[in-house]
Amino acid sequence: MSEKQVVKYRVTGNVAVISIDNPPVNALGPGVREGIIDALAQGNADSAVEAFVLIGEGRNFMAGADIRQFGGVRPVSTRTSAAAIDASAKPVVAAICGYALGGGLEHALACHYRISTPEAKVGLPEVLLGIVPGGGGTQRLTHLVGPEAALDIITTGRHVGAYEAQRIGIIDEIVDEPDFLAASVRFAARVAIVKPLPRAHLLSEKIEQAGDQALAFDDARKFHTRKSRHQKAPMHAIALIEAAVKGSFEEGLALEQTLFAELENSEEAKALRYAFFAEREAAKIPGASNVPKPEPVSSAAVIGAGTMGSGIAMAFADVGTPVKLLDVTHEALDKGMKRIRDNYAVSVKRGSISQSEMDARLAKIQGVVDYADISDCDAVIEAVFERVDLKQAIFRKLDDVMKPGALLLSNSSAIDIDIMAQATKRPADVAGAHFFAPANVMKLCEVVRGTQTAPATIARTMKMARDLGKIGAVAGSCDGFVANRSRTSLMTEMMLMLEEGAMPEQVDRILVAFGYPMGFFAVNDMSGLDVSYEGRQRRAAADPSYRKLHVPDRLVEMGRKGQKTGAGWYRYKDGDRTPHPDDLVKEVIASVAREFGIAQRTFSDEEILHRLLFASVNEACRILDEGRAYRASDIDVMWLYGFGFPRHRGGLMYWADTIGAAPIHRQVTEWHERYGKRWEPSPLLARVAESGTRLRDAGPQS
Ligand code: COA
């Protein structure tokens, strides 16, 4: 038995209970696999024991391998402890409550029976971490559920609910009883005498039923060639399921071992592991350790029924939280409600939700025009135009009507939160909740703290974001906050490179090769060039030194606003969304260059990529130095979830470390000499370059 007692063993009647006690989620940390093997040996040697129950203490069965241990030495592998379960002479029953994921499910699959609570969830999420299951899971699951379901579960890494798991053959019985352990022991006692033991890898019925699956494997490969261009794990998973269908169990296990070893230390797997922990770090709020556990937001109000406001209201309705959508006129409200209905109707048409789900969600959204109607809501999110006077007036009103303790939140993407807070007598309750469009889809919620925002307000807003299924990350208040501010530098450089001779299609090709699903110019054609045009005009009017972006301005002035006008950065044929490079854009670029005396040249792919991303790395360093982000990894989380930065690259700062702070600093310094102030190297970048440390570990004053 292990020293840390992460595995406990006790006998009740003729059943030995092996329980995993490794908080917080019963990951397979040091001692767990060893403990399971020891406990099985003990029970198999005890004539009083006739069966085993394998169960998790606390809320979960087992959440899989300890992700921190990857890349290091594991004295005992999941393959070995799973094999010990499989080979046990006495039946082992996996009693699953909560999550059985990865190595956790692999242990359960090696058990002879699996029972669960109705709430249990199972899955093999390894591909999401850039690896494949390495404990026999690809083989045993394929035998249990057949190749089609195995392909779905393993290549998506999704969580499968108990009832679905039962239907497809993973779970034998769902137990809905208050004392799950006692019921599991009874189940084990019942099956103790059944011989021979049902061993997953000896079952061949589902594989035989499936017949020739060559086409399904072909389709899966084609799909992942497109979808997971830069990732090996899904393709390897397909190969393993195919091996389970075509070859012996031993051959399948051997291949699984080889492919797992190939992936474990790959760059893709390291980046994905980093992203996993970065996401969880972002939830930690410095200075909030004494704050009591935040209350959930059980009712919300959204001010402004425009695109953002409607999307935010939908985000609440989607998780079943009642939400009031307020606009000043019935007309504006009707428009917002129609937008929401239309959006849901599209989801119904696509089959992603049912009509009754749509109705249930709509029933959660109540349109109102009177502030008195929202006063008892736990949180209110203002989502009106970016006009300071309007926002201040709204916050004054909210201060008057909202119940004490309500969260007063703004969805502003740029205006200083303090300006809104000052309009109230409760600045401690005011914060930003900056959603990204479309708000019901995009996962990032940037939680903005003003100078007087209370840690409890931040903590509760972060909880609200999490309950909405979003990833919250905290930002200090400054122009553009953290996410957009760090990205604006990239967008500016992208436009300025055009003036020097780069072409939209070259930039887009490089971004797609880097891992983005689409190039930014093509995306801009979808969202509309006119959206950012207005903002630029306002900035230029307010600031005479503002560097105008002539090329996109000209295109908008020519009526080229993107797909909706049939042309933008690209040309579109009738009814077709395929972007075609357009000589007219080339001419506009050339004429701007001539007019401003900018020499045209060719760019290497590397120069384009570096100029785009180094600009943002430098700005991110400034942001960190100013203390506007708690940690570099928070910026990575924002880029992953707000802007679709390729996850297998870890995030902006993680990627920057793969280049190195010193070479980036050298390049930024050179561009500073060539292009002037906007490339001034951040002092933090200089310090990290000098010290030879990592950007991802950098924080204020590091
Ligand atoms: N290894 C190591 N640590 C893990 C872990 C794992 N497999 N799974 C979760 N943790 C840690 C988290 O880092 C977090 O630690 P922290 O509190 O110090 O930040 C803590 O457990 C709680 O995790 P969290 O994700 O915040 O809890 P949750 O209740 O929202 O979700 C899970 C629980 C199990 C669904 C989720 O943690 C998860 O998906 N884990 C990874 C599962 C996985 O991929 N397993 C296969 C590994 S190959």
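Odds and ends about this structure:
- Residue count for region 105-155, restricted to those that are in a helix (DSSP H, G or I) and more than 16 Å from the ligand (Cβ to nearest atom): 11
- Pairs, first closer than 13 Å to G136 by Cα in region 64-80, second more than 6 Å from the ligand (Cβ to nearest atom) and part of a loop (DSSP other than H, G, I, E, B), C-beta under 6 Å, six or more apart: T78/G135; R79/G135; R79/G136
- Of residues in region 496-536 being aliphatic (A, V, I, L, M) and outside any helix (DSSP H, G or I), the one surrounded by the fewest Cβ atoms within 10 Å (Cβ to Cβ): M518
- Among the residues listed as A271, A278, A313, the single one being under 18 Å from F435 (Cβ atoms) and aliphatic (A, V, I, L, M): A313
- Among (1) surrounded by 20 or more Cβ atoms within 10 Å (Cβ to Cβ); (2) within 20 Å of L609 (Cβ to Cβ); (3) among the β-branched types (V, I, T) - the single one T658 does not satisfy: (1)
- A120 vs. criteria crowded, with 24+ Cβ neighbours inside 10 Å and either of a type in the set (A, V, I, L, M) or modelled with pLDDT under 95 (or both): yes
- Any hit, region 172-182, residues being in contact with a helix residue (DSSP H, G or I) (Cβ under 6 Å, 6 or more places away or on another chain) and assigned to a loop (DSSP other than H, G, I, E, B): yes
- The single residue among A45, A87 that is away from the ligand (no atom under 16 Å from the Cβ), within 16 Å of A108 (Cα to Cα) and out of contact with any strand residue (DSSP E or B) (no Cβ under 8 Å at 6 or more places or on another chain) turns out to be A87.
- Residue within region 318-334 that is among the basic types (K, R), at pLDDT below 95 and either outside any helix (DSSP H, G or I) or over 22 Å from A433 (Cβ atoms) (or both) present: no
- Boolean, E251 is within 23 Å of G136 (Cβ to Cβ), at pLDDT 95 or above, surrounded by fewer than 18 Cβ atoms within 10 Å (Cβ to Cβ) and not hydroxyl-bearing (S, T, Y): yes
- Selection status of D634, among the acidic types (D, E), crowded, with 23+ Cβ neighbours inside 10 Å and outside the structural domain of A233 (by TED's automatic domain parsing): yes
- Exactly one residue out of G72, G102 is in the same structural domain as I153 (by TED's automatic domain parsing) and surrounded by fewer than 24 Cβ atoms within 10 Å (Cβ to Cβ), and it is G72.
- All told, V369 meets the bar of being assigned by TED's automatic domain parsing to the domain that holds L408, within 25 Å of K403 (Cβ to Cβ) and of a type in the set (V, I, T).
- Filtered by the rule that a residue be of a type in the set (S, T, Y) and either part of a loop (DSSP other than H, G, I, E, B) or touching a strand residue (DSSP E or B) at 6+ places or on another chain (Cβ under 7 Å) (or both), region 551-598 gives Y570, Y572, T578.
- Residue in region 265-285 that is buried (at least 22 other Cβ atoms within 10 Å of the Cβ) and in contact with a strand residue (DSSP E or B) (Cβ under 6 Å, 6 or more places away or on another chain) present: yes
- Qualifying positions in region 56-77 - more than 27 Å from the chain's Cα centre (by Cα) and either among the hydroxyl-bearing types (S, T, Y) or within 16 Å of the ligand (Cβ to nearest atom) (or both): E57, R74, V76, S77
The values are calculated or read from the model by the stated rules, or taken from the named source; none is laboratory data. As the structure is a prediction and not an experimental result, all values here were calculated from the model. All Cβ positions, even for glycine, are placed from backbone atoms using ideal geometry, and neighbour counts span all protein chains on display.
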